[in-house]
Ligand code: FAD
Ligand code: E0Q
């Protein structure tokens, strides 16, 4: 058998990568800090969900898991916008139901991936947290929940151990590596809307709900059991912030004032709010993703991003597909890792930037008249030039155009729409002959 590849973390990226590489016949070992979810249930117990789009789905398809995951997914046609004091309305994500995204449970998805990895021949050791690496002896140390530390030899380590990566820290010790974490200054809190007594949805089950409120927002994604996982994104400190919401009465009053239509459905608001931690958000920019052929980072461990485009997992899965493709061409580790970074880093940077931009767009521009006019114009131009003018959201969520290219084409399109739409309020005021010429001049066929 080939020299082993040791993957740190059997989370979303680690388990998918293990599946893809083991299927290729490579010798794959995985160490995971948490206990085996098949024995103890998924840690945390709460149901947390994620938006799955084409890039992520493609990775699951290559692992043979598309049907399995889709059987547990809820279709989201668009954003249901809840403005204060108005009826909610749907902003479709795509042209029709062929362009949608999917809400999937993190626990169930991770479980399916772990089962697939083992079925493909990967050896997973649970309850084993990487704590240190001896680079000279090519040995690592991991610790179980019983406190016992074990030492193992390794040939190469791949870190899929998330934003707080222990492997990244160990690589820093061997060779200092410029690393910048930019905190967003806003955190998040997970809440829940339970299913109705009959097991149905209390609000539209086929949408991603957003309550935009300018400096902050509330969102909800549906689960197959009729419930919703709800997330409040809010500044950590300041006038309207988590810091101010330390008393249950303040929480209740805040929701009554800002989210009156959601409040009746948030059955355990105060208990959830008090019982769940405030999650941290930020962007990680790391100069070197690999240490020669000895170690490589991918997914959140290499490039944590803010969640406002729903692309962190999708991007992590795309990382796995890219690395698997490189392993199919060569097993020269230093070369494979260097090429992986060269291909993926510009794309990770692009989606990290676009995700930051989307926070501002989601929490306030959705309620702006000019924004809606530009969205209308975008739809019209996309219909007239389907081969050239593809909305940026569609390039990110429904296609696999590299993120950096989606960002560059998106900038050209945004520019063009501002030029065409400046001072206008209605589509019939747009010079479509000029629009056609600009599009053909500036956008190559996609
Ligand atoms: P993780 O999923 O964090 O997995 C890391 C794994 O490593 C875990 O299993 C962990 O236990 C293990 N581990 C950690 N340390 C060690 C150690 N020392 N030794 C061994 N194992 C270790 N993305 C989307 O695509 N769509 C969304 O809708 C979306 N919504 C999000 C909402 C929120 C609020 C947040 C915070 C993120 C969201 N994301 C979303 C992003 C997504 O969660 C991450 O990008 C994704 O989980 C990254 O996968 P990963 O495998 O790199 O890391
Ligand atoms: C999606 C799907 C956490 C989260 C996840 C998401 C999205 C958003 C807002 C958030 C972006 C969008 N979006 O609707 O434009 O498409 O995943 Cl906050």
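Provide the convex hull volume over Cα atoms per residue for the stretch 18-152, in Å³.
That works out to 173 Å³ per residue.
So the label point goes 7 Å from the Cα of residue 71 along Cα→C-beta, right? Which residues of the stretch 106-133 then have their backbone N under 18 Å from it?
Output list for this probe position: 106-120.
Between residue 250 and residue 83, what is the label-point separation in nm under the 7 Å Cα-to-beta-carbon projection?
3.0 nm
Run the quick spin-label model on residue 172 and residue 137: label points 7 Å from Cα toward the beta carbon, then report their separation in nm to one decimal.
Result for the modelled spin labels: 2.4 nm.
How big is the stretch 7-78 along each principal axis, measuring the range of its Cα positions in Å and listing the largest first?
Taking max minus min along each principal axis of the Cα atoms, the stretch 7-78 gives 41, 30, 16 Å.
In whole Å, what three semi-axes, largest first, describe the equivalent ellipsoid of the stretch 392-436 built from its Cα gyration tensor (square root of 5 times each eigenvalue)?
On the way: eigenvalues 126, 20, 16 Å².
The equivalent ellipsoid of the stretch 392-436 has semi-axes of 25, 10, 9 Å.
Determine the principal axes of the Cα atoms in the stretch 119-235, then give the extent along each, sorted from largest to smallest and rounded to whole angstroms.
Largest first, the stretch 119-235 extends 57, 38, 28 Å along its Cα principal axes.
What are the principal axis extents of the Cα atoms in the stretch 184-223, in Å, biggest first?
40, 16, 12
Using a Förster radius of 30 Å, what is the FRET efficiency between residue 379 and residue 261 based on their Cβ-Cβ separation? Nearest 0.05, please. Don't jump to the answer; show the numbers that get you there.
Working: r = 27 Å, r/R0 = 0.91.
The pair residue 379/residue 261 has a calculated efficiency of 0.65.
Under the definition of Cα pairs under 8 Å and six or more residues apart, what whole-number percent is the relative contact order of the stretch 256-395?
The normalised contact order for the stretch 256-395 reaches 20 percent.
Between 0 and 90 degrees, rounded to the nearest ten: what's the tilt of helix 432-442 against the longest Cα principal axis of the chain?
In the chain, helix 432-442 runs at an angle near 20 degrees to the longest axis.
Direction-averaged shadow area of the convex hull around the Cα atoms of the chain, nm²?
Orientation-averaged projected area of the Cα hull: 23.1 nm².
Stick to Cα atoms and the Kirkwood definition of Rh, then tell me Rg/Rh for the stretch 286-328.
Taking Rh as the inverse mean 1/r over Cα pairs, Rg/Rh reads 1.01.
I want to check the label-to-label distance for residue 240 and residue 422. Put each point 7 Å from Cα in the C-beta direction and report it in nm to one decimal.
For the pair residue 240/residue 422, the computed spacing is 3.3 nm.
Compute the long axis of helix 369-384 from its Cα atoms, compare it with the longest principal axis of the Cα atoms of the chain, and write down the angle in degrees, 0 to 90, nearest 10.
80 degrees
Take the alpha carbon atoms of the stretch 100-151, find their center, do the same for the stretch 4-77, and report the distance between the two centers in whole angstrom.
11 Å
What does the highest-first list of 283-289, 346-352, 242-248 look like by mean Cβ count within 10 Å? Let's see the in-between values first.
Values: 283-289: 19.1, 346-352: 20.7, 242-248: 14.4.
Packing proxy ranking, top to bottom: 346-352, 283-289, 242-248.
How big is the gap, in Å, between the Cα center of the stretch 172-234 and the Cα center of the stretch 334-403?
Cα centroid to Cα centroid, the span is 20 Å.
Values in this text are rule-based calculations from the coordinates and carry no lab data. Everything numeric in this text was worked out from a predicted model, so none of it was measured. With ideal geometry, Cβ positions are generated from the backbone for all residues, glycine too; neighbour counts draw on all protein chains shown.
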